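The values are calculated or read from the model by the stated rules, or taken from the named source; none is laboratory data. Source: prediction; values computed, not measured. Every residue, glycine as well, gets a Cβ built from its backbone with ideal geometry; the counts of neighbours run over all protein chains shown. Side chains are part of the model used for accessible areas, which takes the heavy atoms of the whole protein and leaves out ligands, DNA and RNA. Shrake-Rupley method; radii C 1.70, N 1.55, O 1.52, S 1.80 Å.
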Number of protein chains: 4
Amino acid sequence: MAVSRLNIAVLGASGYIGADLVRLAIGHPFVRIVALAGDSRAGQAMAESFPHLGFYDLPPIMRAEEVDWAGIDAAFGCLPHGASENVLSALPGNVRIIDHSADFRFRDPAIYAETYQRAHSRPDLLADAVYGLSEWARPALRKSPRIIACPGCYPTATLLALLPGMIAGLILPEDLIIDAKSGVSGAGRWVKEANLFAEIGESAHAYGVGTHRHAPEIEQELALATGSPVRINFTPHLLPMSRGEIVTCHVRLAPGVGADDLRAAIGDRYRDEPFVHLAPPGLSPATRHVRGSNHCLINVFPDRIAGRAIVIAVIDNLVKGSAGQAIQNLNLAMGWEETSGLGQVPLFP
Amino acid sequence: MAVSRLNIAVLGASGYIGADLVRLAIGHPFVRIVALAGDSRAGQAMAESFPHLGFYDLPPIMRAEEVDWAGIDAAFGCLPHGASENVLSALPGNVRIIDHSADFRFRDPAIYAETYQRAHSRPDLLADAVYGLSEWARPALRKSPRIIACPGCYPTATLLALLPGMIAGLILPEDLIIDAKSGVSGAGRWVKEANLFAEIGESAHAYGVGTHRHAPEIEQELALATGSPVRINFTPHLLPMSRGEIVTCHVRLAPGVGADDLRAAIGDRYRDEPFVHLAPPGLSPATRHVRGSNHCLINVFPDRIAGRAIVIAVIDNLVKGSAGQAIQNLNLAMGWEETSGLGQVPLFP
Amino acid sequence: MAVSRLNIAVLGASGYIGADLVRLAIGHPFVRIVALAGDSRAGQAMAESFPHLGFYDLPPIMRAEEVDWAGIDAAFGCLPHGASENVLSALPGNVRIIDHSADFRFRDPAIYAETYQRAHSRPDLLADAVYGLSEWARPALRKSPRIIACPGCYPTATLLALLPGMIAGLILPEDLIIDAKSGVSGAGRWVKEANLFAEIGESAHAYGVGTHRHAPEIEQELALATGSPVRINFTPHLLPMSRGEIVTCHVRLAPGVGADDLRAAIGDRYRDEPFVHLAPPGLSPATRHVRGSNHCLINVFPDRIAGRAIVIAVIDNLVKGSAGQAIQNLNLAMGWEETSGLGQVPLFP
Amino acid sequence: MAVSRLNIAVLGASGYIGADLVRLAIGHPFVRIVALAGDSRAGQAMAESFPHLGFYDLPPIMRAEEVDWAGIDAAFGCLPHGASENVLSALPGNVRIIDHSADFRFRDPAIYAETYQRAHSRPDLLADAVYGLSEWARPALRKSPRIIACPGCYPTATLLALLPGMIAGLILPEDLIIDAKSGVSGAGRWVKEANLFAEIGESAHAYGVGTHRHAPEIEQELALATGSPVRINFTPHLLPMSRGEIVTCHVRLAPGVGADDLRAAIGDRYRDEPFVHLAPPGLSPATRHVRGSNHCLINVFPDRIAGRAIVIAVIDNLVKGSAGQAIQNLNLAMGWEETSGLGQVPLFP
């Protein structure tokens, strides 16, 4: 391995996001995995928890407090909210933090507290954290911030779909209906009855209707981008599949604006993006189009109701929605080629 | 078998709706299957097309024109639109028709022609046909009409969810967003690449966005029920499952109306219904809750956006959305117990 | 309800077998569910644990020791081994017991002890228990035994496939290779990581290779039927589906015997059976052919290796493999029509 | 791109193997895709057939006879048998051929003719073709043969599992029972009713029992490796998943040989292999362990029947079973690093 590799640790390596980070990091030309932490699996080889990673030379899983941070340059946090804040805020100051939890996503500790039902113990850190929606945060990310808060999977897809039209004023900031659907891995490797195969297979249902925690996160970012408060409908559904996420955004257009105008604006914005793409006219984005990759595919359709449009975006929740975007953010922060380690072509079928 | 059984024929028996009709009819106490027609499978035993029906004594599949209608009391049409009209309109006048196609659903032949891109050849029959949304058409059905046009699967779920609130004026007839999701059997046994397992598995996508043919049908019925024209957003998605359908209706409430008011109205309307049910507070209806049965489960949730609510309904698209409702309609038309032959308890897991 | 209904209790009602028993019992003409027990869900309505049963009037779930046995005629045991023995052996003597655990399946307590790693506390009861493979135990079942031990799901399919040929000496009792495959519900509603949707989906693997507890059970029954000890290979696999079980038995034929001879023998044996069927020549039994029903479908194929054949059987593990066979056994023990309450037509797709 | 890239064409690019070849070739450091042929899709962009490849710059699909072979170094054949022979045998002599069909796999044209029911028109080419089971054909592959016949997916997994034990005489060449299970993509993108989602979902069945065409291929290779004719039982099953293949080989051991001996022999043989691995003791190989990658995972288990063992191998049928092994073979033939372009880490979940 090249001398110049960055030494990284993955905290929460025994979950699905942690595993996908390891999958991507294994093929990354500029990083080296030197520590894996996961309390419930401490003492095991990574292959015991994830046999699909057994073909690679990886450090054993240890407890987070056992990690020797000397020589570690960056830590990827894949821990639940609360736990993430506690563990990450105690890291040495020279360790860059790329976090997947909600703990560093909110500007306003009060909204965090209300949404996650706990007070933030280190609100001082919030101001420095960069909300890492890669395509929209490049200037801040290139300044190499110490803490990068990766967006939630739903906010990633939703914001990529809506921001061009919202910022340009093509979409009105009212009656925003975001009907989302996700595979089960979005719930993590949480061992509970509702996530059993026999419960999920051959079935679909909505969850967190009107109460899902990603709604305030989306609202924050839309408000920051447009300068005005926004209130959204966010209705996620659980589908009988493991990976993949689709958000169907039902939007009201500004007077005189047509779906084609919105489509053109999205196309213009993402024309040169390596990972975010406008689909050809009429192609309905499917989660299989991006499975296992860091791509996001978007399209716009006219509504039967005059003055409305439908914007659809698909991502792999564990890649562009989690581990892939985290790597992309590291690439930006380090000044590397943005696509480093993210060349996975979608896996289909 | 009892002397009093009604002799029925199933036209289009080699498709999924046809097969489910046979499944239900086998257990029906008052009917006897005397003819099965399906041009592409003519000459085969039903068990060759559907081995799961091989345990029962059934007539062979023949061509529709080979059916001897003497002694046949009722025909269930499970043919594509167009074909349905041609075949059914040629039947002897004493044969009751219960049709699953769109051919007899529309009051206005012009809307039919625009939606299905063909002129109706027997518009004279439209006036007599009853739109068989069982719970809302009982008076007409009990008059024993000759032609019963069974609603489409999406219209069934959507109308059951919306009619109580629309008729009571609790839901405003504007910005109706119906985000629907269905298993693959809704597309029938259509042999095309897009329906292959490897294409559908582990993926989800929207289809017919803004153009699906069930939208005008829903609009017709909402307009008839409320007395005013309605224009809806109807956005269906295809899910990696075989059966089941969920419609998520994002609605705007009349001033002063809350989600609880809407929920109460739905509960009142369906309190005594054998097949349509309001779920307990907070329970999110899942398609597995009704799989294989004629039940429909509905619930209402408040939206984050003030003045809006979310109404969710689930059905089995092949039962309450097709074959089951057809049987229910026959029961009503014959004056039998409405639940005859429809005692299937949902199959879970 | 008719005066003559039998009052039944279901112990372990919060598991999948318990739920399927309730599904079947709801439609049974001669039974009435009067008690549901399940310690982990005690105090809940059955609909909280299984919303698909929420459309029916059912007693609440209580602790097993809270059940008032006065007036209860029969108890269906759906508890784990060990627990089953403890609970059932304490029931009043007039309560008929139909058990799904392994606790009453073994003639020899030593084999039970070795297989389940615990000593049986009531070996005295073993002699009276009838091993309830319905089609092969009718004489004993019709004597109305107090304890009926329902076979395991794999033994049910395997024994139905092999017994005709074994007893007739067409299959040699050596090198019996039973390669089995099952949906996940066979593992029960056990909340563990290995049963999560994201672990099971799009994957298959063998488990319990060489060690599965159903092997000694199959061996016992084959030995009892043939009068000679038998040692089998039994290799089960877990498939990404919820219901259904297929056993592929690779057998050596007696000298001069062909696959057709074996096929004829199976056909002869089951010709008049309502639930066990020989498939037409060449039809490969699929689990979808019997889903949700009490049917078993069997076929025989010649092997490329001379002197061998392949016998394949499919069942729904929760019906013919569990709850359905239990009902069938009750029907036999009560002298009712054997098919009472078991008229469910397979659900396909 | 580097000057030294090899120009490749993919014939049959509109099928699943073709698409996966493109997926792997996109990331290969030494090849360049210059032509894609597929008669049924000629004139389309690759992205129309496979939207998941729409993010890459690829040549359009054309008819095979339209390909300009000047400057093309190698052709990957992904055509059906018969078609493959016809198209490939007409290519310019300087074009290296790596074929996925059965047309160049057999040494004996008579066995080919019997198995595939057609006479081979170019038996002269068979002698030169190398059967490309990479790990076992390296010497021949490194001689850079003009025609490489890639093994079928089932033979790949089966031979990798059995060859070490067969060659060492640990496994007896009799009563070899190979019970195999595959996802649906193994059937290709064949648009037929049996491959529809609603037919495959939630079901499993055997197919080609005793008649599957991969049996003679496996027998040929086992006979060549051991010097004696072998006759096998090969019983494949279709599972409700898209990718992945598992072969469960029930073998008889030579006198005095134990399962551990066989396990050790397999471990020794593959110790330094980059893609073929012995699993840790007790780990049951699952198809998810290798999904999307070129890895093969093998393990051995003792049987309950003395003197027998069970060898299980898993591969991704489209990668190690098809496109991946083809790339591996090209790497060997070109003298490149054998793992070039094959660094895909398994995708789980």
For the protein assembly as shown, rounded, prolate or oblate, judged on the Cα gyration tensor with a ≥ b ≥ c (square roots of eigenvalues), a/c < 1.5 rounded, else prolate if a/b > b/c?
-> rounded
If exposed GluC sites (Glu not before Pro) are those in a DSSP loop with at most 16 other Cβ within 10 Å, what is the longest stretch of chain A that has none?
-> A:1-173
With Cα atoms, 0 to 90° folded angle of helix D:214-226 axis to chain D main axis = 70
Report, to the nearest 10°, how far helix A:324-334 tilts away from the longest principal axis of the Cα atoms in chain A, using its own Cα long axis and a range of 0 to 90°.
-> 70
Please determine, in degrees from 0 to 90 and to the nearest 10, the orientation of helix B:259-270 with respect to the longest principal axis defined by the Cα atoms of chain B, where the helix direction is its Cα long axis.
-> 30
Gap in Å between the Cα centre of the range D:114-150 and the Cα centre of the range D:52-72?
-> 25
Can you give the calculated 222 nm mean residue ellipticity of the protein assembly as shown, where each DSSP H run of n ≥ 4 adds -39,500 (n - 2.57) and the sum is split over every residue, rounded to the nearest 500 deg cm²/dmol?
-> -7500 deg cm²/dmol
Span from the the range A:252-279 Cα centroid across to the the range A:209-225 one, whole angstrom = 21
Expressed as a rounded percentage, what relative contact order does chain D have, with Cα pairs under 8 Å and six or more residues apart?
-> 17
In nm, to one decimal, how far is the modelled label at A:LYS192 from the one at C:ASP124, with both set 7 Å along Cα→Cβ?
-> 4.8
Could you tell me the accessible area of C:LEU283 in Å² (1.4 Å probe, neighbours in place), rounded to the nearest ten?
-> 50
For peptide D:125-138, the mean count of other chain Cβ atoms within 10 Å per residue Cβ is 0
Scoring the range D:154-318 by relative contact order with C-alpha pairs under 8 Å, at least six apart, yields a percentage of 30
If you build a Gaussian network model of chain D, linking Cα atoms that sit under 10 Å apart, which residue out of D:LEU196, D:LEU238, D:LEU58 swings the most?
-> D:LEU196
Per GNM of chain D with C-alpha springs under 10 angstrom, the most fluctuating residue out of D:PRO59, D:PRO240, D:PRO281 is D:PRO281
Using a Gaussian network model of chain B with C-alpha springs under 10 Å, which one of B:GLY307, B:GLY93, B:GLY210 is most mobile by mean-square fluctuation?
-> B:GLY93
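What pairs from A:LYS192/C:LYS320; B:LYS181/C:LYS181; A:LYS192/C:LYS181; C:LYS181/D:LYS181; A:LYS181/B:LYS181; B:LYS192/D:LYS192 go past 19 Å between their alpha carbons?
Table pairs above 19 Å Cα-Cα are A:LYS192/C:LYS320; B:LYS181/C:LYS181; A:LYS192/C:LYS181.
Averaged over A:5-18, how many beta carbons belonging to a partner chain fall within 10 Å of each residue's beta carbon?
Working: counts 0, 0, 0, 0, 0, 0, 0, 0, 0, 1, 0, 4, 0, 0.
Rounded to a whole number, the mean comes out at 0.
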If you count, for every residue in D:273-283, the Cβ atoms of partner chains within 10 Å of its Cβ, what is the mean?
-> 2
Kindly rank C:319-325, A:41-47, A:23-29 from highest to lowest mean number of other beta carbons found within 10 Å of each residue.
-> C:319-325, A:23-29, A:41-47
Here the equivalent ellipsoid of the range A:32-176, derived from its Cα gyration tensor, has semi-axes (largest first, whole Å) of 31, 18, 16
